[in-house]
Amino acid sequence: MKTLEKKTVADYEALPEGSPYQLIEGELVMSPAPAPDHQVVSGNIYLLLRMAVRGKGVVLYSPLDVYLDLENAYQPDIVVILKGSKARITRKGVYGPPDVVVEILSPSTAYYDLTQKKDVYERSGVREYWIVDPLRRTFEVYLNTEEGFKLVSKAKGKGVVRSEVLSLELELEEVFEGIEP
């Protein structure tokens, strides 16, 4: 049986600019363009975060390369990098763990967002990981503790989720505004 050779950041960087891939645990994984609901939710969250983080850091959105180690280069939907963060912003992308990573689930990427990428975000030191599902209208916030990611806030449909890292509450009605129920 033939085993696939693991890819590295060097292989990832050799791809043409704009290639629809992420490097997940040494495997190049294609990520098709997101659906309109995904983009509406992404825009809503970006705008809410942009106002909340103003003067305290920066909010960046995909496509943006985030390099976490030699076998993991992702394009999260949204990242927040606060002043004094471990992450460094360069012309090529972000190196190191952002303070907050937001992944908006799509059918083609949900498996990776909920498993492998979540594990890598946890071990690399992402302080908070948000998982948003436009289809189910759910929002989960995981805080990175000494025991790993711990679910600290969750809501479905309506209600509020809270970010401990950003000292921020988000109304789900604002997050999912503009998409059909």
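Pull out the extension gain between Glu147 and Arg54, defined as 0.36 nm times the separation in residues minus the alpha carbon to alpha carbon distance; nm, one decimal.
Fully extending the segment from Glu147 to Arg54 adds 30.4 nm.
Across region 108-117, in residue order, what do the Karplus-derived ³J(HN,Hα) couplings come to in whole Hz, using 6.51 cos²θ - 1.76 cosθ + 1.60 with θ = phi - 60° and x for Gly and Pro?
After applying 6.51 cos²θ - 1.76 cosθ + 1.60, I find 7, 10, 4, 4, 5, 4, 8, 10, 4, 5 Hz.
Normalising by the residue count of the chain, find the relative contact order in percent from Cα pairs under 8 Å and 6+ residues apart.
Relative contact order here is 17 percent.
Cross-chain or 8 or more residues apart, Cα under 17 Å: how many lysine pairs in the chain fit that? Count them up, please.
So the count works out to 7.
Each residue of region 152-162 in order: what ³J(HN,Hα) in whole Hz does its phi give by Karplus 6.51 cos²θ - 1.76 cosθ + 1.60, θ = phi - 60°, with x for Gly and Pro?
10, 7, 7, 8, 9, x, 10, x, 10, 10, 10
Quick check: the angle from helix 36-53's long axis to the longest principal axis of the chain, C-alpha only, nearest 10 degrees?
70
No value in this document is a laboratory result; all are computed from the given coordinates. Computed from a predicted model, the values in this text were never measured in an experiment.
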